[in-house]
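Step one of this worksheet: look at the structure below.
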Amino acid sequence: MEASKRSDRRIGRSQRMLKQAFIDLMREKGFSSITIQDITDKADVNRSTFYTHFPDKYALLETTIREKFQRILESKLSPSAQWNPENLRILIQAVLEHFKSLNGRCYPVDTINPIFERTVQEEVYSLLLHWLKLSRAEPSEWPFPAETLALMTSWAIFGAAADWSKGTSRLSTEQMTEHVLAVITEGTIKLL
């Protein structure tokens with residue numbers, strides 16, 4: 001048992017060192033210029049240690065993005081959060097702020113953005129689906145599967161955030177949050 005704990009701590013330590021080295025190098029050199037050797041040199045680990053944890057730098061990038069976004073959500077949402085307007089509002093605003101924080105960075109957009117976007121959308125979908133599964137309403141009473149609702153809602157939030165973060169809208173984060181929330185909670189029924 002003690003050997004297993006030591007091994008787990010070493011694994012965690014190696015991953016933290018690799019992630020921190022990667023983050024530091026992103027600030028110094030940018031993603032395109034970073035090599036696996038750069039990462040392992042900065043983390044002071046063997047290349048084989050890197051490959052034990054990540055198949056390539058793209059997987060490390062995805063893990064870094066996913067964990068950062070998860071930390072943001074954990075800091076804003078209760079672990080017992082469920083699908084309701086207030087939690088949706090918090091989620092929407094967190095996504096908007098996260099997109100806004102990426103905008104203007106010196107990362108190569110064609111490399112970073114697709115990974116960033118896919119990762120954020122997947123996390124939003126997973127969280128929404130989790131909330132729906134905690135819902136008191138019987139899924140058999142819904143006119144569509146929970147997966148469809150989570151998918152459509154995640155893409156609505158994601159799409160609005162992606163477009164808004166480009167600066168094409170003059171709406172503040174709070175205003176955009178309220179617009180997206182209204183579309184999700186009220187839909188287009190009033191237009192029909």
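With θ set to phi - 60°, apply the Karplus curve 6.51 cos²θ - 1.76 cosθ + 1.60 along the range 172-188 and write out the HN-Hα couplings as whole Hz, x wherever there is a Gly or Pro.
Per residue, the Karplus-derived 3J(HN,Hα) values read 6, 4, 5, 5, 5, 4, 5, 5, 5, 4, 4, 5, 5, 7, 9, x, 10 Hz.
Residues with beta-carbon under 14 Å from that of Met17, excluding Met17: net charge, scoring Lys, Arg +1 and Asp, Glu -1?
On the way: positive: Arg9, Arg10, Arg13, Arg16, Lys19, Lys42, Arg47; negative: Asp24, Asp38, Asp41, Asp44.
Around Met17, the charge tally is +3.
Under unit Cβ charges (Lys, Arg +1; Asp, Glu -1), what dipole magnitude, rounded to 20 debye, does the chain have relative to its Cα centre?
In debye, rounded to 20, the chain gives about 620.
Just to be sure I understand the model, the point goes 7 Å from the Cα along the line to the Cβ. What's the resulting Arg10 to Ser75 distance in nm?
Label at Arg10, label at Ser75, 3.3 nm between them.
Gap in Å between the Cα centre of the range 43-102 and the Cα centre of the range 13-41?
17
For the chain, evaluate the Debye formula with one uniform point scatterer on each Cα (no solvent term) and list log10 I(q)/I(0) at q = 0.08, 0.10, 0.18 Å⁻¹, rounded to two decimals.
-0.34, -0.52, -1.19
Taking 0.36 nm per residue of separation and subtracting the Cα-Cα distance, what length does fully extending Arg27 through Asp44 add? Show your work: numbers first, answer last.
Details: separation 17, 0.36 × 17 = 6.12 nm, distance 1.82 nm.
Additional length available on full extension: 4.3 nm.
Calculated FRET efficiency, Tyr58 and Met152, Cβ-Cβ r, R0 30 Å, to nearest 0.05?
Working: r = 28 Å, r/R0 = 0.93.
That pair, Tyr58 with Met152, gives E of 0.60.
Any of Lys42/Lys100; Lys29/Lys57; Lys133/Lys190; Lys29/Lys100 with alpha carbons more than 25 Å apart? Name them for me. Please list the in-between numbers first.
Details: Lys42/Lys100 29 Å; Lys29/Lys57 14 Å; Lys133/Lys190 28 Å; Lys29/Lys100 22 Å.
Correct reply: Lys42/Lys100; Lys133/Lys190.
Provide the per-residue ³J(HN,Hα) series for the range 79-84, in order, calculated from phi with Karplus coefficients 6.51, -1.76, 1.60 and θ = phi - 60°, each as a whole number of Hz, with x at glycine and proline positions.
Per residue, the Karplus-derived 3J(HN,Hα) values read x, 9, 4, 9, 5, 7 Hz.
Could you check the simple spin-label distance between Lys190 and Gln82, using points 7 Å along Cα→Cβ, in nm with one decimal?
In this crude label model, Lys190 to Gln82 measures out at 2.7 nm.
Coordinate-derived values only; no laboratory data. Note that the structure is predicted; figures quoted are calculated from it, not measured. Because the Cβ atoms are built from the backbone with ideal geometry, glycine has one as well, and the counts that use them run over all protein chains shown.
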